[in-house]
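The values are calculated or read from the model by the stated rules, or taken from the named source; none is laboratory data. Given the structure is predicted, the values throughout are model-derived calculations rather than measurements. So basically every Cβ, Gly included, is an ideal-geometry build from the backbone, and we count neighbours across all protein chains shown. The protein model used for the area step is the full one, side chains on, heavy atoms only, and it has no ligands, DNA or RNA in it. Shrake-Rupley method; radii C 1.70, N 1.55, O 1.52, S 1.80 Å.
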Amino acid sequence: MYKFTDKLQNAWDKQNSLLVVGLDPDQQRMPESILQSKTPIFDFCKGIIDATAPYACAFKPQIAYFASQGAEMALTQLCHYISTTYPDLPILLDSKRGDIGTTADHYAKEAFERYRADAITVNPYLGFDSIEPYLAWEDKGVIILCRTSNQGGSDFQFFESADGTPLYLEVAKTVADKWNYSGQCALVVGATFPEEIAKVRQVVGDEMPLLVPGIGAQGGDIEATVMAGANNKGQGLLINSARAILYASSDIDWQEAAAAEAKATRDAINAAREQFLAQQD
């Protein structure tokens, strides 16, 4: 069985990249030329995919951007396009699902059958029985919210257990020690909190991938992120950038601008990786 973690490792190696390109299509920000199309969301995202694929290790469509515009069929078509045109690049479906087991069964089918995603983001708030249906798909990745990049994440994620451990680290420990029995799990840890990334990496060890949103438009620091979260190979991270790449230009050169921004981001990440590995020697 070819597992998500195998596909991800292959992408890190083959692409020499830790960059995830987020697909968050917003028609209000798309180039005017695309809006003339009968299928603007599909055409825009396909153009971004083709422009940035040389610099990415994965693509992360955010399901809300498609669902809010009645564009689920476009998402289905895009996932099919990625899986057939760029079969080595994982699809991370960003949906942050979290519901009871029977409902989670259907969310898993939506992600893994309808959209053919390689991994899905999920919310652990309802506990293990809400996560277990995704783990039943042993070749797929389950990416669990841990320390999110938004400011309001601290409202609950810093609540402390009896021994003083904050909730986000309890999540990390539980996933690493109990839920990751088949090696499918990853965690979401925001780039806006590099100190917390380092703490999570210390808890979960070298093998577990960390999906890191928050660079680009949200202002997370690439170097600090890599220094805090890379594993001993200088990998282990899925560093997401969406808006900074997607909307690098609203003019006729939008694909070229997206490619240039993706390349610059990939190169900045790789420069930080080289610095990280030099410090390990």
**Item:** Condition met for Phe42 (aromatic (Phe, Trp, Tyr), open to solvent by less than 10 Å² (accessible area, probe 1.4 Å), at pLDDT 95 or above and farther than 15 Å from Tyr247 by Cα)
**Value:** no
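Here are some residues: Ile49, Ile34. Which one is open to solvent by less than 10 Å² (accessible area, probe 1.4 Å), outside any loop (DSSP other than H, G, I, E, B) and either in contact (Cβ under 8 Å) with a residue 12 or more places away in the chain or within 20 Å of Asp251 (Cα to Cα) (or both)?
Testing whether each residue is open to solvent by less than 10 Å² (accessible area, probe 1.4 Å), outside any loop (DSSP other than H, G, I, E, B) and either in contact (Cβ under 8 Å) with a residue 12 or more places away in the chain or within 20 Å of Asp251 (Cα to Cα) (or both) leaves just Ile49.
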**Asked** What number of residues in the stretch 157-190 are among the small types (Gly, Ala, Ser) and either assigned to a helix (DSSP H, G or I) or closer than 23 Å to Ile239 by Cα (or both)?
**Response** 5
**Message:** For the stretch 218-276: of the residues being assigned to a helix (DSSP H, G or I) and polar (S, T, N, Q), which is surrounded by the most Cβ atoms within 10 Å (Cβ to Cβ)?
**Reply:** Thr225
**Prompt:** Among the listed residues Leu126, Leu135, which satisfies the condition of being among the hydrophobic types (A, V, I, L, M, F, W, C) and open to solvent by less than 10 Å² (accessible area, probe 1.4 Å)?
**Reply:** Leu135
